[in-house]
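Right, one structure below, let's go through it.
What follows is calculated from the coordinates using simple rules that are stated; it is not laboratory data. Only a predicted model underlies this, so the values are computations on that prediction, with no experimental measurement involved. Positions of Cβ are generated from backbone atoms using ideal geometry, with glycine treated the same way; all protein chains shown enter the neighbour counts.
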Amino acid sequence: MQGHPCLSGILAQAPSAWAIDLAMELSEAIQLINGADLDAGRPVTWADLGCGKGIFTRALAVLLPEGSTLYAVDKIAQQAILNPDLKTDIIALQADFVNEFLPLPPLDGVLMANSLHYVADKHSLLKKLKHHFLREEKYIIVEYDTMNSNPWIPYPVDFDHLKDLFYEAGLKQITRVGEKRSIYRRENLYTCFIRNIPPDHP
């Protein structure tokens with residue numbers, strides 16, 4: 001299953017404890033990514049790539065500045081993510097973020113929560129995504145801290161390998177901002193906030 005960014009079909013086949021682990025409560029998802037620096041002082045535009053059922057989409061929507069826009073990208077359309085009560089405008093986009101062109105506006109940031117481990121060639125993906133950013137690159141990554149693959153984590157990336165991956169891509173500010181014990185695996189879920197600072201940044 002090369003470069004498969006969608007969680008929806010995986011959950012249907014996964015062991016029940018694993019499904020519960022991925023389909024966590026909204027409050028837990030918010031806590032996991034709350035350490036990221038999202039205070040831009042203005043509305044921003046982000047994309048959640050491989051959003052699945054949208055638990056982290058909704059979590060990020062809660063944390064972004066009011067009036068922001070968040071694109072929920074998945075191979076399977078996820079209309080249930082749309083929520084008129086949120087202060088952030090969520091726009092569903094059905095697309096394979098690895099293999100297809102993404103019709104996105106310039107972005108302030110990208111969220112990938114439990115989706116990067118479906119990407120075989122992570123270096124090529126980061127090179128592709130670089131062209132989607134407005135100016136400064138910002139990522140929030142949520143992954144399992146393991147390099148042991150299985151049918152549900154075919155291309156895992158632990159924290160140390162993630163640092164190397166983004167460092168090689170030119171993003172050298174890499175901060176671990178969250179962690180959660182997995183109820184199914186021995187390894188924890190971790191969250192990283194990653195950014196680069198343009199040379200002309202004030």
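Cβ crowding within 10 Å ranks ASP37, ASP108, ASP96 as ASP37, ASP96, ASP108, fewest other Cβ atoms first. Restricting the chymotrypsin sites (Phe, Trp or Tyr not before Pro) of the range 34-110 to loop positions (DSSP other than H, G, I, E, B) with no more than 10 neighbouring Cβ atoms within 10 Å leaves PHE101. Taking the number of Cβ atoms within 10 Å of each Cβ as an exposure proxy, the fewest-first ranking of GLU137, GLU187, GLU179, GLU66 is GLU66, GLU179, GLU187, GLU137.
Between LEU102, ALA72, LEU38, the Cα set farthest toward the positive side of the dipole of the range 8-195 (charges on each charged residue's Cβ, about the Cα centre) is that of LEU102. Computed about its Cα centre, the charge dipole of the range 8-195 is approximately 160 debye, with only Lys, Arg, Asp and Glu carrying charge at their Cβ. A straight chain from HIS161 to GLU66 at 0.36 nm per residue would run longer than the Cα-Cα distance by 30.8 nm. If we count every other residue with Cβ under 9 angstrom of THR175's Cβ, Lys/Arg +1 and Asp/Glu -1, where does the sum land? Neighbour charge sum, excluding THR175 itself: +1.
When the pairs LYS122/LYS163; LYS87/LYS138; LYS53/LYS138; LYS75/LYS127; LYS53/LYS130; LYS127/LYS172 are compared against a 18 Å limit on Cα-Cα distance, LYS87/LYS138; LYS53/LYS138; LYS75/LYS127; LYS53/LYS130 fall above it.
Compactness of the range 92-162 is given as radius of gyration and Dmax, 12.7, 36 Å, from Cα positions.
Counting other Cβ atoms within 10 Å as a rough exposure proxy, the listed residues CYS192, CYS51 run CYS192, CYS51 from fewest neighbours to most. In the range 8-195, the alpha-carbon atoms span a convex hull of 108 Å³ per residue.
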